[in-house]
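Peer 1: Once you've had a glance at the structure underneath, I'll fire off some questions.
The numbers here are math on the coordinates, done by the rules we state, and not lab data. What you are looking at is a predicted structure, and each value in this text was computed from that prediction instead of being measured. Cβ sites come from the backbone with ideal geometry, for glycine too, and all protein chains shown count toward neighbours.
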Amino acid sequence: MFEYAGLVGIDFKLLLATIINFIIFFLILRHFFYQKVKDMIVKRQEDIAADIAEAEHKKIAAKTLESEYEAKIAGIHEEEKTIIREANLEGQEQRKEIIAQAREDAKKIMDKAMRELSFEKKKAMNEVKSNIVELSLFATEKIIKKAVDKEQHEVMILDFIDKVGEAK
């Protein structure tokens with residue numbers, strides 16, 4: 001039953017046996033492996049779909065976090081500006097306080113110096129008065145050539161000096 005058409009020939013028995021073997025092999029594979037392979041493919045498709053959904057969810061979460069961080073960074077920049085502004089104001093207040101304290105200290109020093117100057121002036125005036133009294137007593141003794149009551153003469157000269165001092 002060989003029919004040859006030229007150099008190539010077809011054996012129908014062999015062809016029929018191959019087809020039957022193929023169908024039997026296909027049915028055996030389908031019976032034992034088809035559902036397992038199909039389940040495996042479906043599971044893989046579900047895993048891929050879950051991975052894609054999870055990736056989308058993570059992408060959305062990442063965008064949300066990114067916008068939150070950008071908002072926080074902007075808030076931090078604003079807070080930084082506020083802190084700098086407050087520090088500048090505090091520095092200016094401290095500067096004013098330091099200047100006021102320095103002026104107060106300078107005024108105290110000036111007042112103390114003026115009191116000391118006044119005290120020294122009075123002290124010098126008393127010394128000058130004392131020297132004038134002694135000089136005038138000495139001069140008077142020399143002129144009169146006799147001893148004058150020292151206490152009387154001193155009272156008289158001090159009275160004269162006070163009157164001259166008030167006249168200024």
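Peer 1: Looking at A53, is it farther than 30 Å from D159 by Cβ and out of contact with any strand residue (DSSP E or B) (no Cβ under 6 Å at 6 or more places or on another chain)?
Peer 2: Here the answer is yes, as A53 does meet what is asked.
Peer 1: As an exercise: evaluate T140 against (1) farther than 30 Å from D159 by Cβ; (2) in contact with a helix residue (DSSP H, G or I) (Cβ under 9 Å, 6 or more places away or on another chain); (3) β-branched (V, I, T) and give the number of the one condition it does not meet.
Peer 2: Just one mismatch for T140, condition (1).
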